[in-house]
Every structure is written in C-alpha cells, then in structure tokens.
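Inspection log for the structure reproduced underneath, given as structure tokens.
The values are calculated or read from the model by the stated rules, or taken from the named source; none is laboratory data. Quick caveat: nothing in here was measured; it's all calculated off a predicted structure. Note that each Cβ is placed from the backbone with ideal geometry, even for glycine, and that neighbours are counted across all protein chains shown. Protein only, heavy atoms only, side chains kept; ligands, DNA and RNA dropped before computing areas. Shrake-Rupley method; radii C 1.70, N 1.55, O 1.52, S 1.80 Å.
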Amino acid sequence: MEWHAYLDEYEKLVIRMTTPRVVIDNAVCPTATLVKVDSARRDGILLDAVQVLTDLNLSIKKAYISSDGQWFMDVFHVTDLNGNKLTDESVISYIEQSLETSFPDRSHGFDGATALELTGTDRVGLLSEVFAVLADLQCDVVEAKVWTHNGRIASLISVKDCNSGSPINDSQQIDRIESRLRNILRGDNDIRSAKTSVSLAITHTERRLHQMMFADRDYGRKPVLQCREDSPVVTVQNWAERGYSVVNVQCKDRAKLLFDVVCTLTDMQYVVFHATINTAEDKAYMEFYVRHTDGTPISSEAERQRVVQCLRAAVERRASHGVRLELCTSDRQGLLANVTRTFRENGLNVTRAEISTTNDIARNVFYVTDAIGNVADPKIIETVREKIGLGELKVKELPLIYHEREEAAVGVGGAVLSLGSLVRKN
C-alpha cells in the first residue's frame, strides 16, 4: 500500500478544513453587504478579519461573532462610508482573498523609508518643533500618523533622506535624529517618559499607535480635556456559570471603532469568544464575552478597572476633537514645518494628524483646537487658511458646536457669512 498517497489526501483535507471560508452576500440584507467568515479558530483571527475591513474604510454596522470550541464563525454587516452596499468587484475580490488566507500579512510597514516612533508629553506647537528638526536634519517626511490623548502624544513618522531619497541607514545620523527629537519631547519635565526609536518591523501602523500609547499608560493619566457627554461607557461583569467576562461598550459610532476595541482586547491578551455589535443612528453598542488566553475570566476588581480604563482610552484616542483641516498641495521640503509653525503661531493645537505623500502630492489631515482644547475661533481658522493658502487648506469637518452657532446666528438675522465661508466644499 502506498501510504504517501493517503497522506497527501489527508494533508489536503486538513488544509481545506483550516482555510477560512468567506461568503459575501448582497441579497439577504437590504441596507448592507454581509461578509461571512468560517474558519478554524486561531489567535488573532478576529482582529485580522476586522483589520481587513477597516483598512478598506468600510463601516461595520453590525456583527455577530462566535468561536466556542475550535471553530470561528462571524457575520459582518458592512457598507462603504456613504452607507451603500459594496458593488465594486475588485473590493469584494480583495476581501475574499485577504480573509481566505490562513495567516494574512499583518504588516503595514513603510517600504523604502525609515520609521520613527515618538512618545512624550503633548503641548501646543510640539508637532511644529518635531517637523522643524526633521527638516533641519534633511529628513523628508513621507508618511506620518499622530495621536494625542490625556496629554500624551504618540507618532509614527516615515522619513527618507532629502538628498538621496533613500532610507536613512547611517547609524550616526539616526543617533542625531533620535537625540534631538528626544530633547524636544522631554520639554521641561518629561525626562523619563519621552521616547524616540527607529522601528525595524511595524506590524500595523494604527495597532502600533495603540500599543505605544498603552505602553505609555495614557489610560491611567488625568484627562486634559473635561469629560464630554458622549464619553464612552464601559462595564465589565463576570458570568461565573460559563466562565466568561462580559464587556459592554457604548459610545458614539465612528469609523474604525470596532478595530480599536478588538485591537486593545487582543493586545491585553484577551480572547473574544462571542460578541454582538450593533449601531443605531450615531450610537454603537458592543458586547464581548472574553477570557484570558489561558482560558480564565477577569479575576480581580483592579483588573476590571484596568480593562474599563484601557477600552475607554482605545475609543477616545481616535475620536475627532476640533476642526478637520485638509491640506492638498505639491510636496516640498519643509512643507510640514511651515504649516505646523503657522498653526502654532496662531495658537492652534493639533490633536490628531494623518500625513501622506503620493506622486509628489502631499495629502494631509489635521484636527485642531485652541491651546486649551476648546473649539478654535473661526476667525483664527480663516486667518491660518489665508496664510497657508485658501485653495490648499480647506475645512472639511466642523464640531457640533459650530452648527449650533450657525443655527443661532441664522435665527437673529442670518449674520453667519463669516462662519459660512469657513466651510468649503470641493
């Protein structure tokens, strides 16, 4: 008997059993596309699935997750950012191919560039100083993401040498960059917690930002801004009969919310066995049944409080505070240093930023407030736009308070021309 033939068939069976099976259905639900995933359970599989969907900027309206035993099953109700079903065949094909990979590539690194990681105490103008130093050291910023939370800042910045366009590999130059940036991040009283480093292997940019802020213990620091009415509500209870801890999160819905929560649970070494996610209007309701990776539930009040703090922080880090400004212009050396210096000189603080360069075109997004975290004065925003370029820097999103002011102004005679001119549409 030729055993190898039987072994080959057995191996094929194992592969078929362990490879995720994906079904994308546009017929069942009238308002969303259903993405169904069945697979043998493994560590991180839920995060991988959510990451694929959120990296495509899809909105997850509902989800049902179950992974008791050795099998993982879940259903995601997704739409595009305009609330429409998925009809682009290339997007559907990409989802299928990505989710049907047993061990997808989780990396999201900066090809052909040097990645810098920065953490420290946030302050008005800090980002301006960082970009000024990089410009002075002949570093061209190709891509960057900046988050702030509870007075802390975390940033991943991808740079190249301005002259050669190549990654920066010279150890002495790297040391100079790290040293000067560390001095800026330290400020007057942050000697211990300011950190700069060159990252050689990045898993996923936004996951890494969560990890950096978690390591910096931003969740345990006193909030700089006052608590808002829409602050996330997080509760944790144990279901002793089934050996689960039940985690509930209720908050304002937004893009990539589920990724942020699942990412944090995963990095805290919790496994999600069951979950239900639902959204109604602008609210999100999420319930997770979790255990430690060793199969045990949350065991102490201190641990419960830590989970509550960390999940609140996970929701708040990416929450949009302030006016959203979009800059689209030809890339040039020192652009970011000049733009952020203009923000600083006019008392604007950058609470979050996403910076990218494609084909020599800079496409940058900044969320700005005033120096103490309040809504920025519309006149100051307009002044900044005039200095940078009205055609290049546009207001794309306003906090609710602007709309409330606009309604009030219209009610007393329509004196809203200066505010109305602030909102420019393409």
Cα-Cα over 26 Å, subset of Lys256/Lys379; Lys160/Lys195; Lys195/Lys222; Lys222/Lys252: Lys256/Lys379
Potential extension, Glu241-Asp377 segment - 0.36 nm per residue separation minus Cα distance: 43.5 nm
Peptides ranked, highest mean first, by Cβ atoms within 10 Å: ranges 51-58, 138-145: 138-145, 51-58
Mean Cβ neighbour count within 10 Å, used as a protection proxy, ranking 298-305, 314-321, 373-380 highest first: 314-321, 373-380, 298-305
Rounded D (µm²/s) - segment 233-318, Kirkwood Rh over Cα pairs, Stokes-Einstein at 4 °C, 1.567 mPa s: 100
Carbon/sulfur fraction of accessible area - segment 9-100, other protein chains in place, 1.4 Å, %: 54
Accessible surface of segment 219-375 [probe 1.4 Å, protein heavy atoms]: carbon and sulfur percent: 45
Inter-label distance for Asp230 and Thr296, nm, one decimal - labels placed 7 Å from Cα along Cα-to-Cβ: 4.0
Distance between segment 106-171 and segment 383-397 - C-alpha centres, whole angstrom: 24
Accessible area of segment 312-355 divided out per residue, in Å², using a probe of 1.4 angstrom: 35
Two-site label geometry, Cys328 and Gln269: point separation in nm, points 7 Å out along Cα→Cβ: 4.7
Ranked packing of 248-258, 205-215, most packed first, by mean Cβ within 10 Å: 205-215, 248-258
